[in-house]
Amino acid sequence: MKRNCQKCSDREFEVPEYTLEQKKMLSDLKANKKLGELITKIESLHNIKSIDAKFNFMHINTKYGKCNRCKVDNLKGEYVICPKCKALNFNWKV
Ligand SMILES: [Zn+2]
Ligand SMILES: [Zn+2]
């Protein structure tokens, strides 16, 4: 599905249908700051452009419920726009 984050750019980017296993693995890589590896992984799992993989990576939450960009920590839903800063968050419950 195409999504966009109004805090980053108007550009829409592809967000693949990740499985729970993939979400777990990607969240783990994000938490460990394995950025290059994470982007390579997304590209190998799903046929998407590097730039889209990078946008995916940037929006994966490091902590469930907490906005990646501001202090809001009660986000609900999987792909959610933060009510305060308007950033898109991949708020995966993994
Ligand atoms: Zn963004
Ligand atoms: Zn926020």
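For a paramagnetic label modelled on LYS54 (point 7 Å from Cα along Cα→Cβ), amide N atoms under 16 Å away belong, within segment 19-41, to 35-41. Straight-line cross-link reach from LYS49 at under 17 Å between alpha-carbon atoms covers these lysines, not counting any fewer than eight positions away in the same chain: LYS2, LYS41. Does the chain come out rounded, prolate or oblate, given a ≥ b ≥ c as the square roots of the eigenvalues of its C-alpha gyration tensor, rounded meaning a/c under 1.5 and, failing that, prolate meaning a/b above b/c? Note, shape of the chain comes out oblate.
Let me know the shape class of segment 1-40, please: from the alpha-carbon gyration tensor, a ≥ b ≥ c as square roots of the eigenvalues, rounded when a/c is under 1.5, otherwise prolate if a/b is greater than b/c, or oblate. Walk me through the intermediate numbers first.
On the way: a/c = 2.59, a/b = 1.54, b/c = 1.68.
Here segment 1-40 falls in the oblate category.
With the helix formula -39500 (n - 2.57) applied to DSSP H stretches of n ≥ 4, the chain reaches a computed 222 nm mean residue ellipticity of -10500 deg cm²/dmol.
The aspartates and glutamates whose alpha-carbon is closer than 16 Å to the alpha-carbon of LYS93, local same-chain residues fewer than 8 away aside, are GLU17, GLU21, ASP28, ASP73, GLU78. Remark: the LYS34-TYR79 segment gains 14.0 nm on full extension, using 0.36 nm per residue and subtracting the alpha carbon distance. Listed by chain and number, the lysines whose C-alpha is less than 16 Å from the C-alpha of LYS71, apart from same-chain residues fewer than 8 away, are LYS7, LYS63, LYS84, LYS86.
Only counting other Cβ atoms within 10 Å, I'd like THR40, THR19 sorted with the fewest neighbours first.
Working: THR40 14, THR19 10.
Ranked by crowding around the Cβ, least crowded first: THR19, THR40.
No value in this document is a laboratory result; all are computed from the given coordinates. Just so you know, these numbers come straight off a predicted model, no measurement behind them. In this analysis, Cβ positions are derived from the backbone assuming ideal geometry, glycine residues included, and neighbour counts consider all displayed protein chains.
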